[in-house]
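S.K.: Pasting a structure here, questions to come.
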Amino acid sequence: MLDIKIRKATIKDIPEMYRIDVDGWHQNLIDPERGVTEEALRNKYGKVYDDSEKIKAFSEIAMSEDQISLVAEFEGKVIGWVNLENLYSSKISWLNIYIDKNWQGKGIGRLLMEEIIRKYGHIEIHIATPERAGLKKFYQKFGFVEYPVTGRIEGPGNLFMIQMKRKPVVSE
């Protein structure tokens, strides 16, 4: 069994978190049939490597007080991360989760999800996952259900995401 540590993210983790984030966008969202190209990710969504301004903005978001950011670490290296962003209240949060492509399929996402749900399962959690990532069943294992999205814009360069949410579990 690998010694994977789940811990609170620190400012030192930001460069690796950002790299994993951009890798995830490139891996799961480039879809030439829908007009989502590497150029679209770069220009429309700002997903580029080694851009100090983008990394600084990412850092400010990930480390802000209204976010909860955890990392999975193996031998001192960040191999995945998850965060919850407050959505207009302390009772609803938006979940982002990214796993280093070399660690996908090894249970890292499961470990991060278990920790988030253990600590924050009392709030409603929303996610959007790229249709082509094929993660719908993964999230369903944690109690997430798909819900319809109104006002979705179809067209070249627009991302097609599946929206899901998990109702809070209140312990008695």
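S.K.: For a quick protection proxy, order the peptides 16-26, 137-147 by their average other-Cβ count within 10 Å, most packed first.
M.R.: Averaged packing, sorted descending, gives the order 16-26, 137-147.
S.K.: For the chain, report the % of Cα-Cα distances exceeding 25 Å.
M.R.: The proportion of pairs with Cα distances above 25 Å equals 33 percent.
S.K.: Going by average Cβ density within 10 Å per residue, which order do the peptides 58-67, 74-83 take, highest to lowest?
M.R.: Peptide ranking by packing, descending: 74-83, 58-67.
S.K.: In debye, nearest 20, what is the charge dipole magnitude of the range 39-114 about its Cα centre with +1 on Lys and Arg Cβ and -1 on Asp and Glu Cβ, if you could check?
M.R.: Around 300 debye, computed over the range 39-114.
S.K.: Would you calculate a helix-derived [θ] at 222 nm for the chain, using -39,500 (n - 2.57) for each DSSP H run of n ≥ 4 and dividing by the full residue count, to the nearest 500?
M.R.: -9000 deg cm²/dmol
S.K.: Before anything else, pin down the relative contact order of the chain: Cα pairs under 8 Å, at least 6 apart, normalised by residue count, whole percent.
M.R.: Relative contact order, the chain: 23 percent.
S.K.: Another one. Using the Cα centre of the chain as origin and beta-carbon charges of +1 (Lys, Arg) and -1 (Asp, Glu), tell me which of VAL71, TYR49, ILE61 is placed farthest towards the positive end of the dipole.
M.R.: So the residue we want is VAL71.
S.K.: Give me TRP94, TRP103 ranked fewest to most by other Cβ atoms within 10 Å of their Cβ, as a rough exposure proxy.
M.R.: Final ranking by Cβ density, sparse to dense: TRP94, TRP103.
S.K.: Could you give the size of the charge dipole of the chain about its Cα centre, using +1 on the Cβ of each K and R and -1 on the Cβ of each D and E, expressed in debye and rounded to the nearest 20?
M.R.: 500
No value in this document is a laboratory result; all are computed from the given coordinates. What you see is a predicted model, and the numbers here were worked out from it, not measured in a lab. Please note: Cβ atoms are built from the backbone with ideal geometry, for glycine as well, and neighbour counts cover all protein chains shown.
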